Structures are given as structure tokens and as C-alpha cells.
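What follows is a short report on a single structure.
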Amino acid sequence: MPARNPYAEYTTNKIMTATPAEVTLMLYEGAIKFCNIAITAIEQKDIQKAHTNIMKAQRIIEEFRNTLDRKYPVAEDFDRIYVYLLRRLFEANVKKDKDILEEVNMHLRSVRDTWKEVMKRNYEAN
């Protein structure tokens, strides 16, 4: 029987009980975290670790694109942002360029902060 991992249990429980808005926020946080890990890996010349974490960030952005509700006009704006971020992540991965990752993180933080504000206003309105 495997050893019990309280942190893994907590994380799983947190995800399973989160609202869709909270899951979206967690995904933004995850993409930012993976970019940060990739930046550090590039600085340490750990090419495989950088690649792995850039790919994780890309998968999150791809999931955002795939789950856009296209019936709302704002979805096209988000799609353009996500396409741009995916292109920059691809470039960062090919070049192992931490400056590109910093730029991607800047955009991700901006969208995340906007998302937090939307969540806050929605919470206050209800």
C-alpha cells in the first residue's frame, strides 16, 4: 500500500471542490508557475526541464482555447491572446529564451489579475 500523501490529497480535494472560476484561476497560476520553472531551468542550462515546463504551460493555454465559449464575442479576443501566447511559448521553447517567457508571464499575470477582479465583482454582486 503506497504511503499517504496529505499534500496530494489536499490538492486533489481543492480541485474537486472548486468552482469553474476557481479552476480557471488555478490554471492561470499553474501556467505562470511552469513558465517560472522553465526560466530557472534555462538559467541553469537544464534544457529538458525547460522544455517539459514550457510544454505544460502550452497545454494549459491550449485547454483555454479549446474551452472558449464561442457564442460570446469576447471569446475571439481571448482566442487571439491565447494564439499569441502559444506562438511565443513555441518560440521560447525552440530558442530556450527566458526573455520570451518573461513576456508570456507578464501577459498571463495580467489576464489572471483581470480574472481575479471578475471573480471578486461576481462574488460581491451575489
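Derivation of every value follows stated rules applied to the coordinates shown; laboratory data play no part. Here the structure is a predicted model, which means the values were calculated and not measured. Glycine gets a Cβ as well: all are built from the backbone with ideal geometry, and neighbour counts include every protein chain shown.
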Practice item. Provide the FRET efficiency to the nearest 0.05 for the residue 119-residue 51 pair, computing r from the beta carbons and using R0 = 22 Å. Key: 0.10
Review point. Could you give the nm distance between label points at residue 102 and residue 79, where each point is 7 Å from its Cα heading toward the beta carbon?
Key: 3.3
Point to revise | Phi-based couplings in Hz for the stretch 55-62 (Karplus 6.51, -1.76, 1.60; Gly and Pro marked x) | key: 4, 4, 5, 4, 4, 5, 5, 4
Check your understanding: Semi-axes, largest first, in whole Å: what does sqrt of 5 times each Cα gyration tensor eigenvalue give for the chain?
Key -> 25, 23, 12
Point to revise | Distance cut-off 17 Å, percentage of C-alpha pairs in the stretch 58-98 lying past it | key: 34
Check your understanding: Near residue 120, which aspartates and glutamates are there with a Cα under 12 Å away, not counting those fewer than 8 places off in the same chain?
Key -> 22
Study note, to complete from the structure: Summed over the other residues with a beta carbon less than 12 angstrom from that of residue 75, with K and R at +1 and D and E at -1, the charge totals 0
Point to revise | Rg/Rh ratio calculated on Cα atoms of the stretch 55-126 (Kirkwood radius) | key: 1.04
Review point. If you plug each phi of the stretch 93-100 into the Karplus form 6.51 cos²θ - 1.76 cosθ + 1.60 with θ = phi - 60°, what whole-Hz ³J(HN,Hα) values come out, in order, with x for Gly and Pro?
Key: 5, 5, 8, 6, 9, 6, 5, 5
